[in-house]
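Data block below; observations after.
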Amino acid sequence: MRVVPTRASLEFVGRATWEALSGEQVTTDVFDDVPAVEHVSLGREAELVIVAPATADLLARAAAGRCDDLLTAALLTVRCPVLMVPAMHTEMWLHPATRANVATLRERGVHVMEPAVGRLTGTDSGPGRLPEPDDIAAAALTLVAPQDLAGRRVVISAGGTREPIDPVRFLGNRSTGRQGWALARAAARRGAQVTLVAANVALPAPAGVRVVAVETSAELAAAVREEATAADVVVMAAAVADFRPESPSATKIKKVDDGAPTLRLVQTQDVLAGLVAGRRPGQVVVGFAAETGDGAKDVLAHGADKARRKGADLLVVNPVGEGVGFGDVPTTVTVLDAEGQVVARSEGSKDAVADAVWDAVHPRLR
Ligand code: CTP
């Protein structure tokens, strides 16, 4: 990674900090190291340029094709995607000069993000705030990701359902929704149009993804069925309750002196089974299997049984248990086909797993 600050930016963060963080020498001017002809070598080497923050002045200089420092000179030599992340006061962002500069840059294929709306450097607030780092990273990754899911419609269920016992209590599970969120981020990055059917997930919506919030397995089943009608791929990453209380109480169940109520449970509908049965030609259905393994069979053997039983095109098997599988932790998954044969394995973050799942889905798309 190379850092190319403008002279003005060094008023905020100094050269020594950039050199320490990037482990590279940092220069601002074309004349700092003339023999290296840095503006040309940077242009040849760069796979992605992120200008953050892109001030009104930087946008103006880039739009005019000026090259009065190393950054703007390099912007004239690069052939890779360029992401500009504007940050300025609202009046400057809305000024016709800035509007025209942004329009010019976008016409030339430069990706200019919309600034966030919120508190600015003074007491003012409005559009012009630097977008959050996660949103900048998501936009940047989209520019370098393969667009192999472009034009595909993808539905992903995520999170864990809650089945009411009474108005204040429910039967739930430990799913956080993070794997479903990672799948949505990866699909959006690779060009898909993504809808998340989210059961009780306390995470902000990923950039560019539509989120349909549900609570119970019945609500999730209805939402997934509806969204699936136009989908090329449906991924059931949600932990859906297999059982629910037969007749939830309309009022809070009170504690009595001795004993406890008995809950009668009934099975919920199997959403994945319904999707597999109603699958359109060419539609790819993916299930997840969170397994613990037991004395009789290990995680993968249980997964292979489930793959054959469920009949989904792909089944992503992941081990779960104490400290494994739930939340923001690395995970190891095996992707099986409908016969229980291993198609892929992935180890690492939920984002890495998500990309491995889409890599396995992609060849199955018509
Ligand atoms: N699933 C579903 N509807 C349910 C339960 C599960 O669609 N009512 C989906 C999950 O989203 C997941 C897959 O089915 O994609 C497997 O879930 P899992 O609970 O592991 O499967 P079960 O058939 O319930 O098997 P087990 O006996 O291991 O609980």
Here is a list: 256, 276, 285. Which entry is in contact with a helix residue (DSSP H, G or I) (Cβ under 6 Å, 6 or more places away or on another chain), of a type in the set (A, V, I, L, M) and in the same structural domain as residue 235 (by TED's automatic domain parsing)?
285
So for segment 150-162 (the condition being assigned by TED's automatic domain parsing to the domain that holds residue 193 and over 22 Å from residue 285 (Cα atoms)), does at least one residue qualify?
yes
Check 195, 216 and return the single one that is of a type in the set (Ser, Thr, Tyr) and within 26 Å of residue 250 (Cα to Cα).
216
Tally the residues that are assigned to a helix (DSSP H, G or I) and either more than 8 Å from the ligand (Cβ to nearest atom) or buried (at least 19 other Cβ atoms within 10 Å of the Cβ) (or both), restricting the search to segment 243-274.
2
Say we look at segment 275-292 and pick out the residues that are assigned to a loop (DSSP other than H, G, I, E, B) and away from the ligand (no atom under 11 Å from the Cβ); which of these is nearest to the chain's Cα centre (by Cα)?
283
Please tell me if residue 308 is out of contact with any His (no Cβ under 7 Å at 6 or more places or on another chain), charged (D, E, K, R) and more than 14 Å from the ligand (Cβ to nearest atom).
no
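The values are calculated or read from the model by the stated rules, or taken from the named source; none is laboratory data. This structure is a prediction, so every number in the text was calculated from the model and none was measured. Cβ sites come from the backbone with ideal geometry, for glycine too, and all protein chains shown count toward neighbours.
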